[in-house]
1. In sequence order, what are the phi-derived ³J(HN,Hα) couplings for the range 176-186 according to the Karplus relation 6.51 cos²θ - 1.76 cosθ + 1.60 with θ = phi - 60°, rounded to whole Hz, with x for glycine and proline?
2. Find how much the distance from ASP142 to ASP36 grows on full extension, using 0.36 nm per residue of separation minus their present alpha carbon separation; answer in nm with one decimal.
3. Residue separation times 0.36 nm, minus the C-alpha to C-alpha distance between GLN24 and GLN181: what's the value?
4. In whole Hz and in residue order, list the ³J(HN,Hα) couplings for the range 32-38 that follow from phi through the Karplus curve 6.51 cos²θ - 1.76 cosθ + 1.60, θ = phi - 60°; x for Gly and Pro.
5. Tell me what the chain gives for mean residue ellipticity at 222 nm when only DSSP H runs of n ≥ 4 count, each as -39,500 (n - 2.57), the sum divided by the residue total, rounded to 500 deg cm²/dmol.
6. Take a quick pass over the range 1-109 and tell me how many lysine pairs come in under 18 angstrom between Cα atoms, counting only ones 8 or more apart or on separate chains.
7. Would you grab the residues whose amide H sits under 5 Å from the one on PHE161? Only those 5+ places off in sequence or on another chain, please, with H modelled 1.01 Å from N.
8. Can you list residues whose amide H is under 5 Å from PHE131's amide H, if they're 5+ apart or on another chain and H is modeled 1.01 Å from N?
Amino acid sequence: MAGKRLILMGPPGGGKGTQAKRLQERYKIVQLSTGDMLRAAIAAGTPVGLQAKSVMDAGKLVSDDILIAMIDARVDEADCANGFILDGFPRTIPQAEGLDRMLAKKGLKLDAAIEVRVPDERLLERLTGRFTCAKCGEGYHDKFKQPKKPGVCDVCGGTEFSRRSDDKAETVKTRLAAYHQQTAPLLPFYEAKGVLKVVDGDRDMDLVAADLERVLGL
Ligand code: ADP
Ligand code: ADP
Ligand code: ZN
């Protein structure tokens, strides 16, 4: 697994973050979540954050240039030397082309692009029930993954949780439309390169994780 460079694709609420975190823990390849990076930029009030906030609140995609520059810089950091999982990037064809150029320039190769496939009708429930530990970021769900002790994070013992403002029903619709229009074309793009693998994400998280390890040959 050392040195693997992976892309995790799938609709909002598909389970990308959940699976990327598990791979990170188990195989020590770092999760690069562009959504998390953008939310951190918003919280820090950086110029990128200021630009991204209204776009994200509307459920639309932040500009390709911002995303490509963000990932380009992040991949050069030391913790990425042992491989990385791109969670939520690329999300458009121009981003995928930007990633190709970036990897070529750095002399790096992509090992696999994985689609976590989940039908639309599951996603509203996944997203509106999602919450995370405010202290460590562990992900939870009202119905599918409650903390073992109510109100207390399994991982860090934290007692404060947060919900994303874009996980409300109205915004979810726009995010799904963006996925189908702008991100779904990446599936044939990576298929043509011979690196696409598909995992059925409409099952219990542990089964999805096992299938992911199987398709990656772990
Ligand atoms: P993404 O990063 O693709 O948007 P998440 O990993 O955050 O998705 O998952 C969305 C929500 O659904 C979270 O609350 C998570 O706990 C829950 N979830 C993730 N995978 C599954 C699954 N296989 N079955 C049921 N719920 C899941
Ligand atoms: P999701 O649960 O929808 O997969 P993310 O945390 O990956 O959520 O993304 C949240 C929001 O951040 C997106 O709706 C979009 O506005 C922005 N974003 C994240 N990654 C990208 C990207 N690669 N390109 C454009 N916008 C992005
Ligand atoms: Zn926690």
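Values quoted throughout were computed directly from the atomic coordinates according to the rules given, and no laboratory measurement underlies them. Fair warning: this is a prediction, and the values are worked out from it, not measured in the lab. For neighbour counting, all protein chains shown are included, and Cβ atoms are generated from backbone atoms with ideal geometry for every residue, glycine included.
1. Values per residue, Gly and Pro as x: 5, 4, 4, 4, 5, 7, 9, 9, 3, x, 6 Hz.
2. Going from the current span to full extension adds 36.1 nm.
3. Answer, rounded to one decimal: 53.6 nm.
4. Coupling constants for the range 32-38: 10, 9, 5, x, 4, 5, 5 Hz.
5. Taking each H run of at least 4 residues, the total per residue is -13500 deg cm²/dmol.
6. Taking the Cα cut-off of 18 Å, the pair count is 7.
7. Placed amide hydrogens put ALA134 under 5 Å from PHE161.
8. TYR140, HIS141, ASP142
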